[in-house]
Every structure is written in structure tokens, then in C-alpha cells.
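Beneath this line is the structure, given in C-alpha cells, with notes to follow.
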Amino acid sequence: MLNIPPALLKQYEVFLRNKTIPISFQGTYKKWLRYYLDFCRKYHFHPSQNASLPPFIRKLQDKKQTNEQREQAAKAINLYYELCKAKDPDSIGTVLQMNDQGYATWNDSHQTKLHENTGLSIKAEEANLSLSGASWRAEYSRLEDEIRVRHYSAKTLKTYKGWVQKFQAFTSSKSPALLSPTDVKEFLSFLAVKRQVSATTQNQAFNALLFFYRHILHKEFGTIDGVVRAKRKPYIPVVLSRDEIESILQYLEYPCDLVVKLLYGCGLRLFECLGLRVHSINFDAGILTVHDGKGQKDRTVPLPETILPEMQKHLGFLKKLHQRDLDKKYAGVFLVNALEQKYKNASKEFIWQWFFPAKQLTYDKEAAEYRRYHLHETLVQKAIKDAVNKSRICKRASAHTFRHSFASHLLQANYDIRTIQELLGHSDVRTTMIYTHTVKSRTLKEAKSPLDF
């Protein structure tokens, strides 16, 4: 079979990159060009003339190639014709010639002209850009900087970095300078068709890559029409009854039982609850303040009166633990941002201690000192999972289920939706409206006109 000469192959590869053909398709396009040139040599067709394409496609049909394969082959050959026109618009037929060994050869003057027309130097291209195996280390470093300068959470950084890593693997570590919106389209379609991910997961990937393109690569997506998107289904939260919550609490030990009581009693997210400091609890006013919740928003919620004695007892334990830590000359708790630089002794002050501290001190390798961190979320999640299994309830329950139950039970008690929205910390009331589907609709009277009241 005819081999594509190295000069032509390089020119074609550069042309494919200019046309933003996905890296996953470029190998196939080169294969079709090779088959086409071999076909022209065997059957005496001129490879640079458009009239040679229909017989080639018919030959593929005789070889039982699918419609999709034939369409792809036609596109690959049409791109080759465009390449020929770019070299010499007036005379396509003189671009390609066959030597005695059956190899296609390029005229040197045409080859020089192609470099001038495309504005690319192959040697310079290969020296700076790579279609695979490129290092993205600088991009990851800039991604972390952009996330931190916006004060996004560590979870956001972890999530965005994870999707960029998956995208890098999908593109075979293509040089970031060669990335295009087409790569994103292929990746999102791959997630929906091959991986069959949920619509929420696909949207998360889209948002991560949008941030990566816009703030790291300084490129815009433009239009992303034609992307296969996973269909988003309406989600109805799982809600527990009061009896089911009490049943689960029976199998939880201190302090996880108190964590769950705050999750349900105050409608907190798990990371909000574990991130509480001593000063977040105002026993006199009977309120709990959530600082730096989702979206870096603060809010206050009423403290459940039934668990105030437990919380006071827990506060006494915290005072003793804090004194023991001070006696051991520990470095204090971890503080956010540059708060410790502004207030030198804040990390050791009692009001800044975690309300749910970890059992063991954490060794900070960089500072070579011991600090206190809060309870790890996986410890609480595992305890909740074990308690749910032991209670034998017939529902999928997690830490977030208690927040869903908080909202649904308030709605069931005839609290207005705006009040529930504020207690949950939702920016949009439409997010809160989902809980209307978790409560039975009740019609106390038959429908009448207000004029008849």
C-alpha cells in the first residue's frame, strides 16, 4: 500500500490542527488519505482532482464501509483538496506527482509556498507545541492561583482540577495552546454517550472547563452547538420522618449524634456544621451563625431549644480540651485566609476553636508543629451510614438528607417558602421550591371564587 511521504504527512497534520480537527480523529483522517492515495495509484486517478473522490467512495461502499465511515473519508479527502488549493490555487494538478516507486512527491517550490500560505513553520511548531504528551504543570499552577484569588472553596479547587485532569487524559495531554472548543465538545459528548454520566455531572464538567478556558487559557468557548448533553431529570429529595430520624439517632454516638441534630435542627450542610467555631454559637440569643457557607455567604438560624443542654455540656468539654492543648503548647487551630497573620494569637483563643474538633492533633509538616483540625467529614458520613443500616429504614439517607428533612418539615408546618429559603441560604427561591414536591398537597375546601367567600 502507498505510504504518505513524510513531507506531505507533516503538511497534512499541520493543516488538520489549523482546522481544529479533534486529536482523536486525526489518525483516522490520515488513514483515509493513505487509502485514497493508494486507490488513485492503483486505478490511475489523479489524486489532486475532485473527480477522483466519487469512485473512491464507491469503492469504500463495495468494501462494506458504513455510511459514517464513508462520510468521514470524504471529509478527510476534501481537507486534502483544500490543502492543495492553499499551495497553488491556480493549478491543483501539479501539486502531487507519483514517482517510479509509487510514492507521492512534492515540488520544493510548492512546499515553500505552503509554509508561506499557512503561516506555520513545522520545525517551530514541533519545538513549541505537541499533539500529545505535553506538560500541563504551569496550567495547574495558574488554576490553583485563580481559584484562591477568588476565595473559592478547597472543594471547588479539587473538583475543577479533577475535571481538567480527566480532560487532559482525554486529549492525550495535547498542548494547551492547541486546545479548541471542539475538544470540549468531544469530551462532553464522550461523557454523555460513553460514560453515560448524569446531567448534573456533565454540567459540572462543563463549568470546570469553561473556567479553565476563560481564566487559564484566556480563550472563549464561543458556540457549543451540537454537544450531546445528558438529559436532566427532576430530582425529588429523600425526606425522613421524625420517627425515622429518632431511630437513626439511637445508633449514633457522641459527638456524631450532636452533629446530626444540628444538621436536622438547623438545616445545615455537613461542611457548614463541621466548620462551626465556638463564637458561631450564641446561647443568649438562641441563634447559630454560619460563616462562609456555600457561595461564601453568612446566615443565622435559630438554635433548637431541646438540644441546648447537650450543647452546653459539649461546650464544657471543649473548654477542657482547649486547656489541655494549651498545656501541650500546641500551635492552635487552622484559620482561614490570612487571619492568623492579622491576629497573631487568634488560633489559640477559645472563641476560634472548632465546635467539633478532631480527636487527634494534626502535624503540619511545613511549619513543623501540631494543630487542631475539625472532625473529618468521612468520619461523620460513615457513622451516619452505619446508623441508617442498623435502623433498617427503607430510604437512602445521607448527611444531606437531614437538611432536606428540615426544609420539608418546616413546609409541612405551614412556614412560608421565603422564610425557608433564608434559613437554607438559597440564593434563588426556585431552588427551595423543590421541597414542595416532598409534602402532600392538601385541599381543605373545594375550590370557590373569592366573590363567594
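Here, each number is a calculation from the coordinates, and none is a lab measurement. If you're wondering where the values come from, they're calculated on a predicted model, not measured in any experiment. No Cβ is skipped: glycine too gets one built from the backbone with ideal geometry, and neighbour counts run over all protein chains shown.
What the table shows:
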quantity	calculated
Full-extension gain in nm, I236 to Q65, via 0.36 nm per residue minus C-alpha separation	56.9 nm
Proximal lysines to K59, defined as alpha-carbon separation beneath 19 angstrom and excluding residues fewer than eight positions away on the same chain	K30, K31, K42, K75
Cα-based helix-to-principal-axis angle, 199-211 vs the chain, degrees rounded to 10	70
Net length gained if the chain between V149 and N78 were fully extended (0.36 nm per residue, minus Cα distance)	20.9 nm
Residues of type lysines that K261 reaches as a straight line, Cα spacing below 26 Å, ignoring anything fewer than 8 places off in the same chain	K155, K294, K297, K313, K319, K320, K359, K382, K385, K390, K395, K440
Relative contact order, percent, the chain [alpha-carbon distance under 8 Å, six or more residues apart]	12
Modelled label reach - I307, point 7 Å along Cα→Cβ, segment 358-383 residues with backbone N closer than 18 Å	358, 374-383
FRET efficiency estimate (nearest 0.05) - Cβ-Cβ, F271 to K395, R0 35 angstrom	0.95
Gained length - A367 relative to K219, 0.36 nm times residue gap less alpha-carbon distance	49.4 nm
Dimensions (Å) - segment 235-312, Cα atoms, principal axes, largest first	36, 31, 18
Descending semi-axes in Å of the chain, equivalent ellipsoid built from Cα gyration tensor	63, 30, 18
Between helix 154-170 and the chain: long-axis angle, C-alpha atoms, 0 to 90°, nearest 10	20
Estimated D of segment 340-429 in µm² per second, where Rh is the Kirkwood radius over Cα pairs and Stokes-Einstein applies at 37 °C, 0.692 mPa s	193
Convex hull volume per residue in cubic angstrom - Cα atoms of segment 379-430	97
All-pairs alpha carbon distance profile, segment 27-70, 5 Å steps from 0, percent	5, 23, 32, 28, 11, 1
Cα pair distances of segment 212-363 binned at 10 Å [whole percent]	8, 29, 28, 16, 13, 5, 0
Within the chain: Cβ-based charge dipole about Cα centre, in debye rounded to nearest 20 (Lys, Arg +1; Asp, Glu -1)	880
Unit charges at the beta carbon, dipole of the chain: most positive-side option, T20, F170, S198	S198
Label-point separation in nm, K319 to Q360, each point 7 Å along Cα→Cβ	2.9
Distance (nanometres) between label positions extended 7 Å along Cα→Cβ at F350 and S173	5.5
Relative packing of peptides 256-267, 341-352, 237-248, 182-193 - highest average C-beta neighbours within 10 Å first	256-267, 182-193, 237-248, 341-352
Spin-label pair R34/Y415, simplified geometry with 7 Å Cα→Cβ offset, distance in nm	6.7
Under 5 Å, built H, 5+ apart or other chain: amide partners of I287	N282, L303
Cα centroid separation, segment 1-73 to segment 266-308 (Å)	65
